[in-house]
1. Starting from the Cα-Cα distance between residue 26 and residue 59, subtract it from 0.36 nm times their residue separation and give me the gain in nm to one decimal.
2. Just to be sure I understand the model, the point goes 7 Å from the Cα along the line to the Cβ. What's the resulting residue 90 to residue 123 distance in nm?
3. Taking a probe of 1.4 angstrom, what is the accessible area of residue 68 in Å², to the nearest 10?
4. Could you let me know the centre-to-centre spacing of the range 136-185 and the range 63-85, using Cα atoms, in angstrom?
Amino acid sequence: NSCKESPYKTSYMSREHEKIQGIFMKCYEDHSDAILRYCHFQTSNREVAVDLVQDTFMKTWGYLSDGKEIDNIKAFLYKVAKNLIIDYRRKKKSYSLDAITETGIEFSEGDENEDAMEKFDKEFVISQLDKLDPDSREMLTMRYINEMSIKEISEATELTPNNVSVKIHRSIEKMKDVLKEYYEL
C-alpha cells in the first residue's frame, strides 16, 4: 500500500485552497486601505499600523485556511484589528494622533473637490480626535472616517446596534465640547 493521497483528494484540496486564496485576495483589495487608516488612527504610527494590518490579514488567512467561515468579512477584519490594537496599547501605554496630522493622509475620495477651508476644517477636527477617550475616538473613526454602518460597528465591537448608536451620539457630543473653544456650535 502506498502512503500517497488519492489524486482526487489532492486536486480537491488544491481547488479549495485556490478558492480560499481568491476570497482572501479580494478581501485584501477591498479592505486593506481602510484597515490601515483605522490602525493608523488608533496608533498614530504608520509603521505599527502597517504591522497591525499585516497581522490582521495573517490571522484572517489562518482562520479561512482552517476552513472556518466568516459571515461579514469587514466586521471580522475590524474585530481582529481592534484586538491587535488593544494588545499593542497594552505594550505601549502612551499614544496620540500627532503623527497622523503630519502625514497628510487623504481620508476619502473627492478631497480634491473640497475647497481649502472645508479641507482645513476636516483636518482640524481629525487632529482634535486625540483629545477624546479611546472609546469615543474609535467610535468616530469607525463611523465617519472608515464609513462603517452601525451594524458593521456592532459586529466588530460585539455591542448591540442600539449601544453603538448611543456611543456614537455621546462621542459626537464630546467632540462638540472639544471644538467649542474653536467654533461656535
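The values are calculated or read from the model by the stated rules, or taken from the named source; none is laboratory data. Here the structure is a predicted model, which means the values were calculated and not measured. Glycine also receives a Cβ, built like all others from the backbone with ideal geometry; neighbour counts cover every protein chain displayed. Side chains are part of the model used for accessible areas, which takes the heavy atoms of the whole protein and leaves out ligands, DNA and RNA. Shrake-Rupley method; radii C 1.70, N 1.55, O 1.52, S 1.80 Å.
1. 10.3 nm
2. Going from the residue 90 label point to the residue 123 one covers 3.7 nm.
3. 90 Å²
4. 22 Å
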